[in-house]
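The values are calculated or read from the model by the stated rules, or taken from the named source; none is laboratory data. From a predicted model like this one, the values you see are computed outputs, not experimental measurements. As a convention, Cβ positions derive from the backbone with ideal geometry for all residues, glycine included, and neighbour counts pool all protein chains shown.
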Amino acid sequence: MSRKLRLAINTGGGDAPGLNAVLRAVTLTALNKGFEVIGIQKGYLGLLDTKYLVPLTAESVRGITHLGGSILGTNNRGNPLAIRVVEGGTERFVDVSDQAVSNFRRLGLDGLIAVGGDGSLKIAAGLAKKGIPIIGVPKTIDNDLAATYETFGFETAVATATDAIDKLHSTAESHERVMVVELMGRYCGWIALYSGISGSADVILIPEIPFDIQKVCDKVMARELAGRHFSIVVCAEGAAPQGGNVATLGEEVAGQEIQLGGIAAKVAAGIAACTGKETRSLVLGHLQRGGMPTSSDRLLSLRYGAAAVRLAEEGRWGTMVAYDPPVMTAVPLEEAVASVKYVPLDSDVVQTARDLGISFGD
Ligand code: F6P
């Protein structure tokens with residue numbers, strides 16, 4: 001019989017639909033094995049301040065599978081390996097991970113289940129090197145982690161984006177306008193590609209295929225000539241023109257990811273200038289991270305959570321649960337955060353879009 005484990009769990013980075021389902025699966029699976037589960041609130045901050053620790057029970061995870069957000073809260077700013085401190089107007093980054101490790105030991109924890117995207121899993125890999133036994137669970141609507149087939153939250157974000165594109169059709173058509181919608185995804189075009197095809201976009205711009213604005217305008221004008229006086233352009237936030245840069249918002253802050261945004265407005269201005277058509281842009285933004293997870297995302301999240309506890313029971317620390325359909329498997333954490341999963345240009349999905357006559361602006 002295996003030893004009774006005392007597990008901690010946190011949710012770090014941007015939220016994604018399905019986080020609560022993971023928390024429920026981890027808690028119930030652990031309790032059913034006779035383990036104990038402590039929730040760490042606010043990402044990694046609870047490892048630095050014990051007021052952020054809460055016991056997770058069957059009661060605390062009741063009725064949460066379908067809820068968006070995270071009952072533990074999340075945070076994409078509190079990295080114990082580089083905490084931002086501002087003193088006398090000067091900013092510096094301090095490594096307080098030793099304090100996190102000693103708190104972890106003092107609490108008598110056997111392991112941490114770290115649910116996070118690329119950034120949070122890199123922190124997990126760093127803390128694992130410092131001696132914290134960690135199992136990672138991949139989370140991001142961006143679906144950009146190479147070590148797993150699909151992250152939970154992605155499908156829900158695609159469904160939300162598809163719904164938005166559907167709604168844009170009627171207003172675009174009645175006003176005979178071009179509508180340009182900007183979607184999340186950071187440097188990968190998964191959300192834009194999947195929702196753009198599902199929502200019958202006319203143009204899809206993704207980071208993996210730098211675009212030529214003239215080609216985008218050619219598509220809009222070809223539709224015009226064919227009697228289709230409106231067009232829908234789906235634009236990933238990380239899309240960039242050939243030879244140009246990604247659009248960003250605000251100043252770059254050391255230790256933080258630069259905020260992407262603004263490309264849809266630029267594309268809309270370019271289309272209006274070269275086609276003369278009335279063009280509007282919108283940014284769907286954090287709506288893509290909110291709301292109820294789809295049933296597939298719920299199932300995926302529950303499977304990730306249960307698999308994480310099984311790995312903990314087997315003592316396979318320093319790994320991340322990976323979905324390798326049809327099975328859940330494990331990959332070393334270091335390997336899991338080593339590469340980004342870009343949309344493969346020779347994929348069937350990209351080919352399908354091209355076969356349907358959707359332009360990538362190339
Ligand atoms: O990684 C998830 C994500 O939603 C990206 O698609 C987006 O670029 C970023 O997070 C936005 O982050 P924030 O919540 O800090 O605005």
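Given the residues 77, 62, which is the only one that is basic (Lys, Arg), surrounded by fewer than 22 Cβ atoms within 10 Å (Cβ to Cβ) and within 16 Å of the ligand (Cβ to nearest atom)? Explain how you work it out, then say what you get.
Values: 62 fails: within 16 Å of the ligand (Cβ to nearest atom).
From the options 77, 62, the qualifying one is 77.
Okay, residues lined up against (1) under 15 Å from residue 188 (Cα atoms); (2) not in a loop (DSSP other than H, G, I, E, B):
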{"position": "204", "(1), (2)": "yes, yes"}
{"position": "209", "(1), (2)": "yes, no"}
{"position": "214", "(1), (2)": "no, yes"}
{"position": "217", "(1), (2)": "no, yes"}
{"position": "227", "(1), (2)": "no, no"}
{"position": "232", "(1), (2)": "no, yes"}
{"position": "239", "(1), (2)": "yes, no"}
{"position": "245", "(1), (2)": "yes, no"}
Pair list, Cβ under 6 Å, 6 or more apart: region 245-268 residue over 19 Å from residue 117 (Cα atoms) and more than 10 Å from the ligand (Cβ to nearest atom), other residue at pLDDT below 95 and part of a loop (DSSP other than H, G, I, E, B): 248/258; 252/258
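Output the residue which, of all residues in region 125-177 that are in a loop (DSSP other than H, G, I, E, B) and among the aliphatic types (A, V, I, L, M), is farthest from the ligand (Cβ to nearest atom).
Initial filter on region 125-177 (in a loop (DSSP other than H, G, I, E, B)): 130-133, 140-144, 146-151, 153, 176-177.
If we keep only those that are among the aliphatic types (A, V, I, L, M) too, we end up with 132, 141, 146-147.
Working: 132: 24, 141: 6, 146: 15, 147: 16 Å.
If we take residues in region 125-177 being in a loop (DSSP other than H, G, I, E, B) and among the aliphatic types (A, V, I, L, M), then 132 is farthest from the ligand (Cβ to nearest atom).
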Positions within region 1-21 being of a type outside the set (Gly, Ala, Ser), in contact with a strand residue (DSSP E or B) (Cβ under 6 Å, 6 or more places away or on another chain) and more than 16 Å from the ligand (Cβ to nearest atom), in sequence order: 6, 7, 9, 10
Answer from 232, 206, 213 - the residue that is surrounded by 15 or more Cβ atoms within 10 Å (Cβ to Cβ) and either within 19 Å of the chain's Cα centre (by Cα) or at pLDDT below 95 (or both): 206
So residue 106, is it free of Cβ contacts under 8 Å to residues at least 12 places away in the same chain, away from the ligand (no atom under 16 Å from the Cβ) and in contact with a strand residue (DSSP E or B) (Cβ under 6 Å, 6 or more places away or on another chain): no
Filter result (within 16 Å of the ligand (Cβ to nearest atom), hydroxyl-bearing (Ser, Thr, Tyr) and touching a residue at least 40 places away in the same chain (Cβ under 8 Å)) within region 188-206: 194
Selection count where residues are buried (at least 20 other Cβ atoms within 10 Å of the Cβ), not β-branched (Val, Ile, Thr) and not in a helix (DSSP H, G or I), scope region 324-359: 2
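Could you say whether any residue in region 282-289 is part of a loop (DSSP other than H, G, I, E, B) and basic (Lys, Arg)?
Among the residues of region 282-289, not one is part of a loop (DSSP other than H, G, I, E, B) and basic (Lys, Arg), which makes the answer no.
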